[in-house]
Amino acid sequence: RIYSRTKPVVSGAAMILFEEGLFRLDDPVSIYLPELAGLRVYYEGHGDSIATTDMKRPMTIRHLLTHTSGLANGLTGDSYVDSLYRTVNILDRGDTLDETLVKLAAFPLLHQPGIIWNYGISTDVVGALIERLSGRPLDEFLHERIFEPLRLLDTGYYVHAEDRQRLAVCYELDTKGNWVRSRQFWADEYETPPRLHAGGFGLASTMSDYMRFLQMLLNGGELEGVRLLSPQTVELMLSDNLPTGVEVF
């Protein structure tokens, strides 16, 4: 289970489409995902009141890729918007990315786009963007454009039956201080293909597979004669893309 190490893979997949000219980084997300048009921004009103306001600038694809979109987390965050996400289990493994977008569109942003860095579900929306632009399910796109070319033979959104004995067991402490098998954080949910191909989590892999992906980036987008990205794009990905003055939520 590589959890959030899924994010670099999906972000790299998005940059493949960027190089093909299918979007620009500063394009509003709503051009491609109209479900997210007209989102409001949450703020605390007077007393116990809850209020929203208009976005001062559109949420862009660059905002998604840099976690400055205004989208909340929903898993560990303690804001009011995070609590709204939890009421609908915003990243339900039984939902498709399109169904996730519909749920997401019902809630305000945590903050104005572009002004605060917040580790939210932005990369999951990048996954939806990839599906919309490519016309392919995210898992199929990743296999075709990244996993197969780089020979990442043990990477995907679920683990086949013959390989499940290789999946490390997750443990946690129970109320008596004993180590027990954990059911948290999708510990056992890799045994069947999910409907949700999340952009921010969900891949299973091996150290050797993931090393090959990272080596491709270190090589400037190429590994063993297979080029996925240009050196210029990889340099952009590995650069500090946050504007001066951005706060960390």
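The values are calculated or read from the model by the stated rules, or taken from the named source; none is laboratory data. Please read these numbers as outputs of a predicted model, since none were measured by experiment. Quick reminder, even Gly has a Cβ in these numbers, built from the backbone with ideal geometry, and neighbours come from all protein chains shown. These area figures cover heavy atoms from the full protein model, side chains too; ligands, DNA and RNA do not enter into them. Shrake-Rupley method; radii C 1.70, N 1.55, O 1.52, S 1.80 Å.
Whole-Hz ³J(HN,Hα) for each residue in the stretch 130-139, computed from phi via Karplus 6.51 cos²θ - 1.76 cosθ + 1.60 with θ = phi - 60°, x for glycine and proline: what do you get?
Going residue by residue, I get 4, 4, 5, 6, 8, x, 10, x, 4, 4 Hz, with x marking Gly and Pro.
Name the residue, out of 211, 55, 15, whose mean-square fluctuation peaks in a Gaussian network model built on the chain with Cα pairs under 10 Å.
Looking only at 211, 55, 15, the largest GNM fluctuation is found for 211.
Within the stretch 164-226, list the chymotrypsin sites (Phe, Trp or Tyr not before Pro) lying in a DSSP loop whose Cβ has at most 15 other Cβ atoms in a 10 Å radius.
Passing both the DSSP loop test and the Cβ count: 185.
Quick one: compute the contact order of the chain, relative version, from alpha carbon pairs under 8 angstrom and 6+ residues apart, as a percent.
26 percent
With the Cα gyration tensor of the stretch 36-128 giving a ≥ b ≥ c as the square roots of its eigenvalues, does the rule (a/c under 1.5 for rounded; else a/b larger than b/c for prolate; else oblate) give rounded, prolate or oblate?
Oblate.
What does the charge add up to near residue 104, with Lys and Arg as +1, Asp and Glu as -1, over the other residues with Cβ less than 11 Å from its Cβ?
Summing Lys and Arg as +1 and Asp and Glu as -1 gives -4.
If each Cα of the stretch 158-248 is one equal point scatterer, what is log10 of I(q)/I(0) from the Debye formula at q = 0.18, 0.19, 0.20, 0.21 Å⁻¹?
-0.99, -1.02, -1.04, -1.06
I'd like the Karplus ³J(HN,Hα) series for the stretch 241-247: coefficients 6.51, -1.76, 1.60, θ = phi - 60°, whole numbers in Hz, and an x wherever there's a Gly or Pro.
Whole-Hz 3J(HN,Hα) from phi for the stretch 241-247: 9, 7, x, 4, x, 5, 7.
Starting from the Cα of residue 176, draw a straight line to each of the lysines and keep only those under 29 Å, dropping any in the same chain fewer than 8 residues away.
Of all the lysines, none pass the test against residue 176 - Cα under 29 Å, at least 8 places apart if same chain.
Calculate for the chain the 222 nm mean residue ellipticity that helices alone would give, adding -39,500 (n - 2.57) per DSSP H run of length 4 or more and normalising by residue count, nearest 500 deg cm²/dmol.
After summing the helix terms and dividing by residue count, I get -8000 deg cm²/dmol.
What does the extension gain come out to for residue 174 and residue 144, with contour length at 0.36 nm per residue minus their alpha carbon separation?
Gain on stretching residue 174 to residue 144: 6.6 nm.
So how do 152-164, 65-77, 229-241 stack up, highest first, on mean other-Cβ count within 10 Å?
Highest-to-lowest ranking by the protection proxy: 65-77, 152-164, 229-241.
Can you work out the Karplus-derived ³J(HN,Hα) for every residue in the stretch 24-35? Use 6.51 cos²θ - 1.76 cosθ + 1.60 with θ = phi - 60°, whole Hz, and x for glycine or proline.
Result, ordered by residue: 10, 4, 9, 5, x, 4, 5, 4, 9, 10, x, 4 Hz.
Name the trypsin sites (Lys or Arg not before Pro) in the stretch 48-139 that are in a loop by DSSP and that have at most 11 other C-beta atoms within 10 Å, would you?
Taking the stretch 48-139 and a limit of 11 other Cβ atoms within 10 Å, the loop trypsin sites (Lys or Arg not before Pro) found are 56.
Of the residues 196, 36, 167, which exhibits the maximal mean-square fluctuation in a Gaussian network model of the chain defined by a 10 Å Cα contact cut-off?
Comparing 196, 36, 167 in a Gaussian network model of the chain, the most mobile one is 167.
Can you give me the long-range amide H partners of residue 40? Hydrogens built in the peptide plane at 1.01 Å from N, cutoff under 5 Å, separation of 5 or more residues or another chain.
Close amide H contacts, sequence-distant or interchain: 109.
Solvent-accessible area per residue for the chain at a 1.4 Å probe radius, Å²?
For the chain, the per-residue accessible area is 51 Å².
Given R₀ = 30 Å, what would the calculated FRET efficiency be for residue 214 paired with residue 167, taking r from the Cβ atoms and rounding to 0.05?
0.90
For the chain, modelled as a GNM with alpha-carbon contacts under 10 angstrom, which of 206, 87, 123 fluctuates the most?
Largest GNM mean-square fluctuation: 87.
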